[in-house]
Amino acid sequence: MITAILPIVFIGLISLVVIRHQIIQRIDESSVTLARSVATQITTYLQEPSATFNFLARHLARQSHSEAGIATLLDDLANSYSYFESVYLLDRHGTVREVGFDKEATVDKADFLGMDFSSLEICRQAVVEKRFLWQSTLSVSSGEPTISFCAPLGDGTVLATLSLAKLGKIINSASTGRAYDAFIVDGRGRIIAHPDPAVVQRQENISNLPIIRDSLAGKTSSGNYVFHGKSYRGSAVSIEGFNWVLVVAQDLDVAMAPKAALEKIFLIGMLSVLLMALFVSSVASLMLSRPFKQLSDNARHVINEEYALIEPISSRSREITLLSETLQKMVAAVRARETLLNEQTEELMATEETLRDLNQHLEQRVNERTERLEEAMEELSRVNEDLVQRTTALEDANHYLESFAYSISHDLRAPLRHVSSFSAIVTEEYADKLDETGREYLQRIVRSCSKMDELINAILEFSRVTRQSLNLLPINMMSLAEEAMTDFQAEIDQKGVEVVLGSLPKCTADRVLMKQVLVNLIGNALKYSRNKQNPRIELGCSAQGKELLFFVKDNGAGFDMAAASKLFGVFSRLHRQDEFEGTGVGLAITHNIIQRHGGRIWAEAAPDQGATFWFTLPL
């Protein structure tokens, strides 16, 4: 009896092992196919925002915009593309300069302007490596998992966050209606997308699982693992273009349910065979030889997956009949499982075809939007060309006015010399024939001629400076300021003027013209503070962004800021001639020189409280 039963037990065990191997193989093939399908969906979903963000970074790097223009561009981008949660423009200190949110955001933009993002590792790394980077992070505005894109822009960065909500929808759609769970793990082994939002919120790290380690190394891996005390059979594939892993898993108990059912059937059958064998042990040895051969053949057919060749066994032995029926039920269960897996495979193939169509449509949409952006850039280029033409016309007009002023100044000198000379002759040769009033009139004429000659010289100097070409070289502003001070050393020593000379850095400028600026401003400071008991002037500089900010400060007469708009006009004076001498051209010359260097100049003052003149030069 034992000799007859042992082959049956052996064949049954072999069949169970083979069936278990086939079930696991089918599960792995199905889960890998599903994982690749979902990974394709995720890659397709992430292509457009990645391309759009790269285009934004290149556009901002190539085109200059005002602060308001950048804010509008960021808002338009966040509102036009639903996958962007927020877009930030950061300066070199990591401070938010501008921000754009999608129209569904419930946060206030003003709360984020000026916020310090210097602690974000992705931004620091993007500046150091000077390239586009991405990283999975938590949203600053909502606290939910996001993908952050960052690219360097000048000495700052541009940062965008991509909501993972749609990835959750893709995963849920992959899990719904199937016995599988799908989730995404980032490069550090943290779960960033899962059908259960609570798992994502906990930021659980499963990098210790072998299938995760293998997939992060670029391999497609399948195996068993335990998560939250529950056993799973799953497959993991890497997502192309991202250091992520997509895991598709099935509850091991559910996956192996057919095997468990077969084991129960097998055990029941074996128990029945053993019970019945007790009654027919002597006769069974003769009756079971042929049925056992059929059983052996059927078992071999099962191993070779030749299910169509399996035939039912006719026997008077109830045990043989029961064992044959058990084997047929096992085969039926395996074939049903195989049919189900084939149907799921066909469904997945249909899904892949749909995804290919969607991807093609997506590429078409990206191309259309790219064409619209290129048209907008061409229109901007036309506007820039028009601006260049207008600038050229304005420069031509300025050259004409300068030439006109130069010619007028020269033409006025000849008659002015005649008036001055004849007035002097009349004063010398006819002084005894003129009364006191006549002599006073002649003296006024001579003084007016002298004043007119000074004004003409000032016009010529202004014309010379505006026509002089710039010779930009690195210069030492400290030594240039000390050189300018020597021109006024006698006056400084005579009046006991306190001079405070701060640290002045090197810069790129025309040395001759920049000395003219310092001489004019220092001369003004000495002139308007000469009536003070303790006159004091101060020179200094500080770096402000991409500019150097210089200043010349005095404690002199000052002026009313209401008249500041007239300060840099030609012949414009804010004090009477009898109070402080001058032509009113020095500051106009200074203003012209600073503007030609690409800088700005302005003044701050109060009556009898002194004045401070500020000017900037580009770094």
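Being small (Gly, Ala, Ser), crowded, with 16+ Cβ neighbours inside 10 Å and assigned to a helix (DSSP H, G or I): is that true of ALA350 here?
Details: small (Gly, Ala, Ser): yes; crowded, with 16+ Cβ neighbours inside 10 Å: no; assigned to a helix (DSSP H, G or I): yes.
No.
Of GLU343, GLU440, which residue is at pLDDT 80 or above and of a type in the set (Asp, Glu)? Give the steps one after another, and end with the answer.
On the way: GLU440 fails: at pLDDT 80 or above.
After applying the criteria, what remains is GLU343.
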**Subset of segment 49-89 [crowded, with 19+ Cβ neighbours inside 10 Å and farther than 22 Å from ARG372 by Cβ]** = GLU85, SER86, TYR88, LEU89
**Selected residue [in contact (Cβ under 8 Å) with a residue 12 or more places away in the chain and either aromatic (Phe, Trp, Tyr) or within 30 Å of ASN384 (Cα to Cα) (or both)] from ALA126, ALA61** = ALA61
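For segment 160-198: of the residues being among the aliphatic types (A, V, I, L, M) and at pLDDT below 70, which is surrounded by the fewest Cβ atoms within 10 Å (Cβ to Cβ)?
We begin by selecting, within segment 160-198, every residue among the aliphatic types (A, V, I, L, M); these are 160, 162, 164-165, 167, 170-171, 174, 179, 182, 184-185, 191-193, 198.
Narrowing further to those that are at pLDDT below 70: 164-165, 167, 170-171, 174, 179.
Values: LEU164: 21, ALA165: 16, LEU167: 25, ILE170: 18, ILE171: 23, ALA174: 24, ALA179: 14.
Going through the qualifying residues, I end up with ALA179.
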**Prompt:** If only one of ALA509, ALA490, ALA525 is surrounded by fewer than 13 Cβ atoms within 10 Å (Cβ to Cβ), out of contact with any helix residue (DSSP H, G or I) (no Cβ under 7 Å at 6 or more places or on another chain) and not in a loop (DSSP other than H, G, I, E, B), which one is it?
**Reply:** ALA490
**Fill in**
In the set THR583, THR590, the lone residue that is among the polar types (S, T, N, Q), modelled with pLDDT under 85 and either part of a loop (DSSP other than H, G, I, E, B) or within 24 Å of LEU513 (Cβ to Cβ) (or both) is THR583
**Request:** Kindly provide the set of residues from segment 199-236 that are open to solvent by less than 40 Å² (accessible area, probe 1.4 Å), within 19 Å of THR33 (Cβ to Cβ) and either in contact with a strand residue (DSSP E or B) (Cβ under 6 Å, 6 or more places away or on another chain) or among the acidic types (Asp, Glu) (or both), ordered by number.
**Result:** ILE211, SER215, SER221, TYR232, ARG233, GLY234, SER235, ALA236
**Item:** Test: residue in segment 39-48 that is surrounded by fewer than 20 Cβ atoms within 10 Å (Cβ to Cβ) and not hydroxyl-bearing (Ser, Thr, Tyr)
**Value:** yes
**Pair list, Cβ under 9 Å, 6 or more apart: segment 373-387 residue in a helix (DSSP H, G or I), other residue surrounded by 10 or more Cβ atoms within 10 Å (Cβ to Cβ) and polar (S, T, N, Q)** = MET377/GLN63; LEU380/GLN63
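The values are calculated or read from the model by the stated rules, or taken from the named source; none is laboratory data. Nothing here was measured: the structure is a model prediction, and the numbers come from that model. Note that we place each Cβ from the backbone using ideal geometry, even for glycine, and neighbour counts take in every protein chain shown. For the accessible areas, the whole protein counts, side chains as well, though only heavy atoms, and no ligand, DNA or RNA atoms are used. Shrake-Rupley method; radii C 1.70, N 1.55, O 1.52, S 1.80 Å.
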